[in-house]
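Asker: Take this structure, written in structure tokens, and hold onto it; I'll ask about it next.
The values are calculated or read from the model by the stated rules, or taken from the named source; none is laboratory data. The shown structure was predicted, so the numbers you read here are calculated from the model rather than taken from an experiment. We place every Cβ from the backbone using ideal geometry, glycine too, and count neighbours over all the protein chains shown. Just so you know, the surface numbers come from the protein's heavy atoms only, side chains and all, with ligands and any DNA or RNA stripped out. Shrake-Rupley method; radii C 1.70, N 1.55, O 1.52, S 1.80 Å.
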Amino acid sequence: KPTLESTIVKREDIPLRHGDTFNQGKHGTTGHFTASNGDIVLLVTERNGTYQEHVQGWTPEYVYRWISQNSTTPESKKGKALQVSENIHLYSRETKRQHNCKFEYQGRFKLDSFEQVTRNTVNSHGLPKTYHPMYCRLVRA
């Protein structure tokens, strides 16, 4: 069984580290799930041009700035869980372009603050699409 001390892990091993078994439907593509010992957030630090004005990553104060997925809003189930969680386990990787790219464990965090912003963009078919991500500040717990 992998431990939290192992810092570089495959997506399939992350639930095991937190008392769950891997389930492709629950853990296969999601960026946030709840485990027996806290909330798990999986981040990709490389972003396309959608959020260029808000850089994701570490600040000089060792705060992690994170742009949530569109489904994570302050009113959503995931957004509410993150707002009250004192135990957010953060994993990150640079890109999702590489097949089987592994995540690096960053440690335990809590949500310090967030701002919900509406972003309008165009989907792959040229149709307008609106996003409502949360711009979050995660601080070490």
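Asker: Determine the order of K10, K96 by accessible area, beginning with the largest, at a probe radius of 1.4 Å.
Answerer: In descending accessible area the options line up as K96, K10.
Asker: Could you state how much accessible area V139 has, in square angstrom rounded to the nearest 10, with a 1.4 Å probe and all protein chains kept in place?
Answerer: About 30 Å², ignoring ligands and nucleic acids.
Asker: Among 32-45, 105-118, what's the highest-first ranking by average C-beta atoms within 10 angstrom per residue?
Answerer: Sorting 32-45, 105-118 by mean packing, highest first, produces 32-45, 105-118.
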